[in-house]
Ligand SMILES: [Zn+2]
Ligand SMILES: [Zn+2]
């Protein structure tokens with residue numbers, strides 16, 4: 001039996017406070033809890049904040065203050081800045097994630113209100129949709145007396161829960177792409193009992209059971225995750241949700257994310273391990289966390305080798321998603337696993353095997369990414385190509401391509417290696433030897449003196465081994481690339497014609513973006529390029545938008561997951 005981890009990558013994590021507001025909710029001094037997490041050697045910490053509510057949706061405690069205010073509005077608006085400040089302050093010491101708990105308050109004003117609040121969550125890592133209030137204006141998670149009042153209005157336990165599930169379904173439909181996660185799905189159990197029809201929802205023919213089964217299926221069909229929330233346990237109502245709901249969620253392949261929903265510094269880290277044991281009991285071996293709205297897979301086990309494999313998997317998912325529109329990103333991808341990753345075939349129900357091929361392939365519609373942490377083995381075949389030794393600085397590669405293009409020579413494959421001493425080597429195979437290669441070399445030796453130490457064409461060269469240890473993009477859409485990943489990667493699909501790549505390289509050179517590594521591939525008339533680069537995101541994205549109609553795809557990929 002593998003050991004269960006004692007750290008979790010939280011989603012519904014620590015509630016950031018409402019600062020100067022009159023009814024306290026969450027933690028105001030965020031530094032205190034970050035310090036605590038660093039002290040515990042945790043790699044990451046996650047904050048969450050409630051979107052502000054309309055004044056007609058208030059808890060008794062808030063009404064009792066008799067102060068007119070929009071609860072938490074100020075602190076909500078300041079929240080992204082507060083997180084940014086924290087990230088600047090703590091730098092690399094800890095990874096700080098943040099999200100929003102978006103309040104459901106009906107499909108009229110409430111929906112527009114929430115929609116207006118989503119702009120503050122634009123750079124957030126995730127958004128959870130939660131129902132805390134009934135349309136009657138009473139909370140499900142307030143006091144017992146508030147719950148009893150609502151129970152009286154609705155007439156029965158079944159009607160009470162039925163209303164809540166209706167609101168959940170309505171919320172999911174109306175919020176649509178605004179949320180990634182459904183919050184505490186059985187929240188009302190905090191204050192009222194769960195009726196038999198719900199406890200036994202798998203078998204019951206009661207309309208409430210049917211309603212609930214439908215809700216879970218909607219969550220599955222919309223690729224949302226389920227919040228497994230330890231606040232319920234903390235408050236004595238039991239973890240949200242109960243085990244049989246979680247088991248059904250697992251059957252439906254609904255991903256779960258975990259959170260303690262902490263509101264006080266002293267409870268930080270409480271129930272981390274218990275949350276993993278809880279989902280394991282329901283059959284889960286992994287869960288998700290989020291970076292920039294993209295789900296990351298996390299193992300429940302304290303197993304270093306397995307964690308490394310998940311890291312590779314997450315990098316692949318991030319790469320593929322960043323090639324897609326935000327709508328396409330929501331679709332759960334298909335997987336293939338081979339070699340040391342084969343154990344994932346059992347974990348992901350629809351995954352296929354790739355035998356001994358030691359890699360992960362992630363597929364969505366007609367796009368795929370194949371990735372591995374195995375260093376590629378160099379082949380010993382003889383090749384024709386151009387060897388270059390040159391200065392390792394922006395613009396040099398562009399200059400080489402410029403000269404080749406001027407002679408009508410198209411580069412077929414390229415590989416690059418920095419010697420980390422200010423020089424670099426490159427090897428290019430050329431589409432066709434049209435006789436002008438000598439001219440190109442002479443031209444470069446004549447004009448770019450000082451940039452190139454040596455430039456030679458060979459027709460029986462052994463492919464040099466430029467591979468070092470790292471995570472490799474092996475293929476893009478099944479086209480071999482074998483790029484060692486850096487912090488930032490550019491991926492393109494373009495017309496494979498002379499001069500097209502020069503546009504990209506020249507664009508990067510114009511803004512001093514350095515190319516660390518570079519691979520080309522092609523299939524039919526389409527060229528593929530993968531470049532590891534260093535430079536400013538905004539500048540690079542701006543350039544990538546201007547490459548022209550011969551580029552079918554040009555994306556800057558950044559890695560946020562750890
Ligand atoms: Zn909540
Ligand atoms: Zn919460």
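The values are calculated or read from the model by the stated rules, or taken from the named source; none is laboratory data. In this text the structure is predicted, and so the values were computed from the model without any measurement. Cβ: placed from backbone, ideal geometry, glycine included. Neighbour counts: every protein chain shown.
Of the residues making up region 164-173, none is touching a residue at least 40 places away in the same chain (Cβ under 8 Å), closer than 29 Å to residue 118 by Cα, within 16 Å of ligand 2 (Cβ to nearest atom) and assigned to a loop (DSSP other than H, G, I, E, B).
Of all residues in region 215-246, those satisfying the criterion of being more than 16 Å from ligand 1 (Cβ to nearest atom) and outside any helix (DSSP H, G or I) are 222, 223, 236, 242.
Could you tell me whether residue 189 is farther than 30 Å from residue 326 by Cα, at pLDDT 95 or above, assigned to a helix (DSSP H, G or I) and within 16 Å of ligand 2 (Cβ to nearest atom)? Yes; evaluated as a whole, the condition is true for this residue.
Considering region 201-229, the residues that are over 17 Å from residue 166 (Cα atoms) and over 23 Å from the mean Cα position of the chain (by Cα) include one that is farthest from ligand 2 (Cβ to nearest atom), namely 205.
Could you list all residues from region 83-121 that are loosely packed, with under 13 Cβ neighbours inside 10 Å and touching a residue at least 24 places away in the same chain (Cβ under 8 Å)?
Residues of region 83-121 that are loosely packed, with under 13 Cβ neighbours inside 10 Å, as a first pass: 88-89, 91-93, 108-109, 112, 116, 119.
Scanning region 83-121 gives 89, 93, 109.
Selection over region 346-373 of residues that are modelled with pLDDT under 95 and either surrounded by fewer than 17 Cβ atoms within 10 Å (Cβ to Cβ) or closer than 16 Å to residue 521 by Cβ (or both) gives a count of 6.
So residue 139 clears everything in (1) under 30 Å from the mean Cα position of the chain (by Cα); (2) within 16 Å of ligand 1 (Cβ to nearest atom); (3) within 18 Å of residue 261 (Cα to Cα); (4) crowded, with 20+ Cβ neighbours inside 10 Å except one condition, right? Which one? Just one mismatch for residue 139, condition (1). For region 242-250, the criterion of being touching a residue at least 60 places away in the same chain (Cβ under 8 Å) and more than 16 Å from ligand 2 (Cβ to nearest atom) is satisfied by at least one residue.
Just one residue in the set 196, 145, 173 is away from ligand 1 (no atom under 16 Å from the Cβ), surrounded by fewer than 16 Cβ atoms within 10 Å (Cβ to Cβ) and within 21 Å of residue 99 (Cα to Cα); that residue is 173.
Residues checked against (1) at pLDDT 85 or above; (2) within 16 Å of ligand 2 (Cβ to nearest atom); (3) in contact with a helix residue (DSSP H, G or I) (Cβ under 7 Å, 6 or more places away or on another chain); (4) more than 27 Å from residue 146 (Cβ to Cβ):
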{"position": "15", "(1), (2), (3), (4)": "yes, yes, no, no"}
{"position": "20", "(1), (2), (3), (4)": "no, no, yes, no"}
{"position": "66", "(1), (2), (3), (4)": "no, no, no, no"}
{"position": "71", "(1), (2), (3), (4)": "no, yes, yes, no"}
{"position": "105", "(1), (2), (3), (4)": "yes, yes, yes, no"}
{"position": "108", "(1), (2), (3), (4)": "yes, no, no, no"}
{"position": "112", "(1), (2), (3), (4)": "yes, no, no, no"}
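Residues are listed down the side, and each one gets a yes or a no for (1) touching a residue at least 24 places away in the same chain (Cβ under 8 Å); (2) closer than 20 Å to residue 560 by Cα; (3) within 16 Å of ligand 2 (Cβ to nearest atom); (4) surrounded by fewer than 22 Cβ atoms within 10 Å (Cβ to Cβ):
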{"residue": "290", "(1), (2), (3), (4)": "yes, yes, yes, no"}
{"residue": "313", "(1), (2), (3), (4)": "yes, yes, no, no"}
{"residue": "316", "(1), (2), (3), (4)": "yes, yes, no, no"}
{"residue": "322", "(1), (2), (3), (4)": "yes, yes, no, yes"}
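Does residue 409 count as in contact with a strand residue (DSSP E or B) (Cβ under 6 Å, 6 or more places away or on another chain), in a helix (DSSP H, G or I), more than 24 Å from residue 321 (Cβ to Cβ) and at pLDDT below 90? In short, no.
Here is a list: 420, 445. Which entry is free of Cβ contacts under 8 Å to residues at least 40 places away in the same chain and assigned to a helix (DSSP H, G or I)? Write out each step before concluding.
Numbers: 420 fails: assigned to a helix (DSSP H, G or I).
Going through 420, 445 in turn, the sole match is 445.
Name the residue that is nearest to residue 224 (Cα to Cα), counting only residues in region 179-193 that are surrounded by fewer than 24 Cβ atoms within 10 Å (Cβ to Cβ) and within 16 Å of ligand 1 (Cβ to nearest atom). Reasoning before the result, please.
Here is the first cut: in region 179-193, the residues surrounded by fewer than 24 Cβ atoms within 10 Å (Cβ to Cβ) are 186-187, 189-193.
In the following step, the residues that additionally are within 16 Å of ligand 1 (Cβ to nearest atom) were identified as 186-187, 189-191.
Working: 186: 16, 187: 18, 189: 22, 190: 23, 191: 26 Å.
Taking the candidates together, the pick is 186.
When residue 411 is tested against (1) farther than 23 Å from residue 472 by Cα; (2) crowded, with 21+ Cβ neighbours inside 10 Å, exactly one condition is not met: (1).
Residues in region 485-513 that are under 21 Å from residue 391 (Cβ atoms) and over 26 Å from the mean Cα position of the chain (by Cα): 501, 502, 504, 505, 506, 507, 508, 509, 510, 511, 512.
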